[in-house]
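Please read the structure below before turning to the comments.
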Amino acid sequence: MEETTFAMLKPDCVQRGIIGEVISRFEKKGLRISAMKLVEVSEETAAEHYKEHVGKPFYESLLSYISSGPVVTMALTGDSAVDVVRKLVGKTDPKVADPGTIRGDYAMDVSRNIVHASDSPESAIRELGIFFQEEDFVDYRRVEEEWIYS
Ligand code: IDP
Ligand code: MG
């Protein structure tokens, strides 16, 4: 079933100049970008986004990491998009993330792990609501979709 998930290319991804390579993986898989922005995230917005992690030892440094430079936020749409994108992103700690995943291929450190992706359809709806307004979403189809899906 078609769904839309939220992904964020974190400040290390932007600073390392690999935005294009990461987006390319999502595109090549067959996902459709249905919203996208380059933004600076305030600590308040980062706190809202990561509220499930309040009190964890890495919480404060996580907020300063996410607000340390521009990020690219996006909505990705496709069949089972939430699970598909989490699989492409890989395990939280890049040291143990499988090769072939984004974190497995591009990162070394759990606190500099390149990309965020929603972990459930409920999280996706919540997180999309933090970073996007209704008018930010573009309703279209990629011409390849009839070849990506049967
Ligand atoms: P996820 O991004 O794979 O969903 P979460 O457990 O939700 O992982 O953690 C959110 C983010 O917090 C991670 O992507 C990473 O940036 C950071 N993080 C998680 N665990 C640690 C840790 O042990 N040390 C430092 N940062 C961490
Ligand atoms: Mg998470």
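Every number here is computed from the coordinates shown, using simple stated rules; none is lab data. Predicted, not measured: the structure shown is a model, and the values here were computed from it. Note that each Cβ is placed from the backbone with ideal geometry, even for glycine, and that neighbours are counted across all protein chains shown.
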Selected residue (criterion: surrounded by the fewest Cβ atoms within 10 Å (Cβ to Cβ)) from residues of the range 64-82 that are more than 16 Å from ligand 2 (Cβ to nearest atom) and of a type in the set (Val, Ile, Thr): Val72
Answer from Glu60, Glu122, Glu40 - the residue that is away from ligand 1 (no atom under 14 Å from the Cβ) and exposed (fewer than 14 other Cβ atoms within 10 Å of the Cβ): Glu40
Condition broken by Glu40, with the remaining ones in (1) under 16 Å from Ser111 (Cα atoms); (2) free of Cβ contacts under 8 Å to residues at least 60 places away in the same chain satisfied: (1)
Matching residues, the range 86-118, being closer than 24 Å to Ser68 by Cα and outside any loop (DSSP other than H, G, I, E, B): Arg86, Val89, Ile102, Arg103, Gly104, Asp105, Tyr106, Asp109, Arg112, Val115, His116, Ala117
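Is it the case that Arg142 is surrounded by 15 or more Cβ atoms within 10 Å (Cβ to Cβ) and in a loop (DSSP other than H, G, I, E, B)?
Criteria met by Arg142.
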Inter-residue pairs, beta-carbon under 7 Å, first surrounded by fewer than 19 Cβ atoms within 10 Å (Cβ to Cβ) and in the range 1-30, second among the charged types (D, E, K, R), 6+ apart: Met1/Asp79; Glu2/Asp79
